[in-house]
1. Stokes-Einstein at 10 °C, 1.306 mPa s, Kirkwood radius from Cα pairs: D for the chain in µm² s⁻¹?
2. What full-extension length gain, to one decimal in nm, is calculated for residue 56 and residue 19 as 0.36 nm per residue of separation minus the Cα-Cα distance?
3. Please get the size of the charge dipole for the chain, origin at its Cα centre, with Cβ charges of +1 on Lys and Arg and -1 on Asp and Glu, quoted in debye to the nearest 20.
4. What is the gain in length, in nm to one decimal, between residue 11 and residue 106 on full extension, counting 0.36 nm per residue of separation less the C-alpha to C-alpha distance?
5. Which residue fluctuates the most in the chain, going by a Gaussian network model with Cα springs under 10 Å, if the choices are 99, 73, 62?
6. Please report the carbon-and-sulfur percent of the accessible area for the range 1-107; probe 1.4 Å, protein heavy atoms only, DNA, RNA and ligands left out.
7. Would you mind getting the accessible area per residue of the chain, heavy atoms of the protein chains only, 1.4 Å probe, in Å²?
8. When you take every Cα atom in the range 55-124, what is the radius of gyration, and what is Dmax, the widest Cα pair distance, in Å?
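The values are calculated or read from the model by the stated rules, or taken from the named source; none is laboratory data. Being a predicted model, the structure only gives us computed values, none of them experimental. All Cβ positions, glycine included, derive from the backbone under ideal geometry; neighbour counts span all protein chains shown. Side chains included, ligands, DNA and RNA excluded: accessible areas come from the protein's heavy atoms. Shrake-Rupley method; radii C 1.70, N 1.55, O 1.52, S 1.80 Å.
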Amino acid sequence: QVQLVESGGGLVQAGGSLRLSCAASGRAFSRYAMGWFRQAPGKEREFVSRISWQGASTGYTDSVKGRFTISRDNAKNMVYLQMNNLKPEDTAVYYCAADAASIYSTRRHDYDYWGQGTQVTVSS
């Protein structure tokens, strides 16, 4: 199975920045589309960003567009989410997800593997 481990979360003031990292196991990582999702307490897990298996295509939910940047380094089996100008509404547990079928989807059920999540808290 594929193991995904997120890191880089923490407490940050509004307007600050964080970079989340997701370390993936397996040599097939470079063939997976990857996504970032987030879930706040009492809320649905929502799509944040996605990246194709080659990294040529990226996408973002409207609320983070222009502030967040997804990237990947297939040589290191890593995917990143650079988060700038953070807002209190960004507070959530952030999850890295892998889609073995490389659908490049915004929907949770299209992803096969999930990390344990990393907490991001943005204070005002």
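1. Numbers: Rh = 14.1 Å.
Reported coefficient: 113 µm²/s.
2. On the way: separation 37, 0.36 × 37 = 13.32 nm, distance 2.00 nm.
Additional length available on full extension: 11.3 nm.
3. Numbers: 14 positive and 10 negative charges, 36 e Å.
Roughly 180 debye, rounded to the nearest 20.
4. Values: separation 95, 0.36 × 95 = 34.20 nm, distance 2.64 nm.
My answer for the length gained is 31.6 nm.
5. 62
6. Details: 2390 of 5350 Å².
So the carbon and sulfur contribution to the accessible surface is 45 percent.
7. Numbers: 6420 Å² over 124 residues.
Accessible surface, normalised per residue, equals 52 Å².
8. 12.9, 40
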